[in-house]
Amino acid sequence: MKVAIIGLGPMGRRHIQVVKELGLNIVGLCDKSEDAIQKVRETNDFQTQIFFKDANEMFEKTKPEVVIIATNSDSHYLLTKLSVENKVKHILCEKPMANSVEEAMKMLQICKENGVVISVNHQQRFMECYQKLKNLVKSEKLGGLETISIIGANCGLAMIGSHYINLSSYLFEDNFCKISALLEESKDKNPRGDQFKDPGGVVVGYTKNGKKMVLSFGVKEGYGITMVLSCKYGNIIYNPLTGKTVLHHRREEDRQAPTTRYGLTPNIEEFNMPQDDLILSTKRLLQSLLNSEMEFVNLAQGAAEVIKVIAAAYLSSERNGVLIDLEKETLPLNRKFPWP
């Protein structure tokens, strides 16, 4: 398959490695920045004619079948539209999917109308660590997942928070329907440019089946992410950066005691979770996209739901944390957010 990659920053260079390892044919590499192009030239042996600064010219000369969009979110819709107009069959877009609800929904619509398979690179569900966590929370010893708490440093609600919102839906097997949030802007310069803003703060999401996510990213905090998966009979404390995992759960004879008996002596297990690197998980995602596997094609729909959740978080915060019902509230569809 002929593949083109638009955006040659750190994510774009990672996608180059993924595509090369899959043995696909890279026919076009595009970026407006000569510096970004030069960095790719320095570490690869690509011929000069596959580099472009203009996406229209790249499409005209290379006719790719697969396009990977690794630019900032403000260009994702227009590049998706351009790819569809140029008869591309598969699109893999970086997250966040778009910088407005309207553009995320338009991306889904134009791809569906033209028979294009689109997915978004929320690759955590392809990582062995999260697959193992999902199996653990569903096990008899834990009895099912009730609440996910993600406590992190200044990661950005759109850039990293979007991953954990999507991951929470995967672990819950349900979408969020109600959102409350109090957001806080970071005083630090966004590493992707002064024009981008990506707040932290606290977001609480509720699913249709009554599960809860608490996402807390502190803009004054400078290290780490910790996940706590709270279940019927115990909890898992997991550090995604190190793999260190601690599992507490009720002894079998205590499982039927009321939840108010929260201080019962637990069984404790400690282990290191296997850590899949981003290359491997992205490779798995891209393979599933090219095979048109429906579970992962639907990642694009899930990614659009993430954009709705983040937009609702802004709306809630601007109303002092009021609960936003996604099924009843009219979201600001065409409002464009300054996300990277």
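Please enumerate, by chain and number, the aspartates and glutamates with C-alpha under 19 Å from the C-alpha of LYS141, excluding those fewer than 8 residues away in the same chain.
List returned: GLU252, GLU253, ASP254, GLU269, GLU270.
Put +1 on the Cβ of every Lys and Arg and -1 on every Asp and Glu Cβ in the chain; which of CYS111, GLN47, CYS93 then has its Cα farthest towards the positive end of the dipole?
CYS111
Using only the Cα atoms, work out Rg/Rh for region 195-288, with Rh taken as the Kirkwood radius, to two decimals.
Here the Rg-to-Rh quotient is 1.05.
For region 280-340 and region 124-171, compute the distance between their C-alpha centroids and round to whole Å.
16 Å
By count of other Cβ within 10 Å, fewest leading, how are ASP174, ASP276 ordered?
With the fewest neighbours first, ASP174, ASP276 line up as ASP174, ASP276.
Note down the Stokes-Einstein diffusion coefficient of region 133-268 in µm²/s, whole number, using a Kirkwood radius over alpha carbon pairs, 4 °C, and 1.567 mPa s.
In µm²/s, the coefficient is 81.
Taking only C-alpha pairs under 8 Å that are 6+ residues apart, what is the relative contact order of region 1-127 in percent?
24 percent
Find out how many positive minus negative residues lie around GLU21, taking Lys and Arg as positive, Asp and Glu as negative, among other residues whose Cβ is under 15 Å from that of GLU21.
Its environment carries a net charge of +3.
Which order do CYS129, CYS93, CYS231 fall in if you start with the one that has the fewest other Cβ atoms within 10 Å?
With the sparsest Cβ surroundings first, the list reads CYS129, CYS231, CYS93.
What is the ratio of the Cα radius of gyration of region 55-162 to 2.2 N^0.38 Å, where N is its residue count, to two decimals?
With N residues counted in region 55-162, Rg over 2.2 N^0.38 Å equals 1.36.
Any of LYS32/LYS197; LYS95/LYS134; LYS178/LYS232; LYS61/LYS89; LYS2/LYS61 with alpha carbons more than 19 Å apart? Name them for me.
Violating the 19 Å limit, Cα to Cα: LYS32/LYS197; LYS95/LYS134; LYS178/LYS232.
Restricting the count to DSSP beta bridges whose residues both fall in the chain, what percent are antiparallel, rounded to a multiple of 5?
Just about 60 percent of them are antiparallel.
Taking the Cβ of each residue in GLU221, GLU113 as the centre, tally the other Cβ atoms inside 10 Å and list the residues starting with the fewest.
Sorted ascending by nearby Cβ count, the order is GLU113, GLU221.
Lysines near LYS39 by alpha-carbon distance under 18 Å, same-chain residues fewer than 8 away left out - which ones?
LYS20, LYS53
With each pseudo-label sitting 7 Å past Cα toward Cβ, what's the ARG255-ASN291 distance in nm, one decimal?
With each label point 7 Å from Cα toward Cβ, the separation is 3.3 nm.
Give me the mean projected area, in nm² to one decimal, of the convex hull enclosing the Cα positions of region 1-92.
5.2 nm²
How charged is the neighbourhood of LYS2? Take every other residue with its Cβ under 12 Å from the Cβ of LYS2, and add Lys/Arg as +1 and Asp/Glu as -1.
Spelling it out: positives minus negatives among the neighbours equals +3.
What full-extension length gain, to one decimal in nm, is calculated for LEU323 and GLU185 as 0.36 nm per residue of separation minus the Cα-Cα distance?
Full extension from LEU323 to GLU185 adds 47.7 nm.
Would you compute the Debye intensity of region 1-42 from its alpha-carbon atoms alone, equal scatterers and no solvent, and pass along log10 I(q)/I(0) at q = 0.16 Å⁻¹ to two decimals?
Scattering profile of region 1-42, log10 relative to I(0): -0.35.
Return the equivalent ellipsoid semi-axes of region 191-238 as a descending list in whole Å, where each equals the square root of 5 times an eigenvalue of the C-alpha gyration tensor.
Equivalent ellipsoid semi-axes, largest first: 28, 15, 8 Å.
What's the Kirkwood radius of the chain in Å, using all Cα pairs?
Computed over the chain, the radius equals 21.1 Å.
Over the chain, what is the mean sequence separation of C-alpha contacts under 8 Å (at least six apart), divided by residue count, expressed as relative contact order in percent?
Averaging sequence separation for qualifying contacts and normalising by length gives 20 percent for the chain.
No lab work stands behind these numbers, since they all come straight from the coordinates. Being a predicted model, the structure only gives us computed values, none of them experimental. Positions of Cβ are generated from backbone atoms using ideal geometry, with glycine treated the same way; all protein chains shown enter the neighbour counts.
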